[in-house]
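The values are calculated or read from the model by the stated rules, or taken from the named source; none is laboratory data. Just so we're clear, the structure is a prediction, and the values are computed from it rather than from any experiment. Cβ placement follows ideal geometry from the backbone for every residue including glycine, while neighbour counts extend to all protein chains displayed. Ligands, DNA and RNA are excluded from the accessible area calculation, which covers all protein heavy atoms including side chains. Shrake-Rupley method; radii C 1.70, N 1.55, O 1.52, S 1.80 Å.
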Amino acid sequence: AILDLSGRLVHSLSDEYRDIGHYELTWDGRADNGGVVSPGIYLLRVVTRVGGREQTALRAVHVVY
């Protein structure tokens, strides 16, 4: 998920189940409503679930035009 700095969902990248492995997703800088997001810093939230355990990682994403 892509979140703004207040934690609000801006865009959902994927919520489908995937087997363990290496994956790459791209984001075109658009919100779920189709509009281009403002330049700034956003958060990428990745949630993994393995063997009943859930882990969440947050990373900064910089949007510049």
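Out of the trypsin sites (Lys or Arg not before Pro) in segment 1-44, which ones are loop residues according to DSSP with at most 12 other C-beta atoms within 10 Å?
Those that pass, being in a loop and sparsely packed, are ARG8, ARG18.
With a 1.4 Å probe rolled over the protein heavy atoms of all chains, the accessible area of VAL37, VAL64 falls in the order VAL64, VAL37, largest first. Per residue, the average separation of C-alpha pairs within less than 8 Å and at least 6 apart gives the chain a relative contact order of 30 percent.
Distance between the modelled labels on LEU3 and ARG30, one decimal in nanometres: 2.4 nm (7 Å Cα→Cβ projection). Two numbers describe the Cα atoms of the chain: Rg and Dmax, which are 12.9, 41 Å. Simple rule: put +1 on each Lys or Arg Cβ and -1 on each Asp or Glu Cβ in the chain, find the dipole, and look at VAL37, THR26, LEU5; the Cα lying farthest toward the positive end is LEU5.
Note on SER38 and LEU13: their simple-model spin labels are 2.3 nm apart, each label 7 Å out from Cα toward Cβ.
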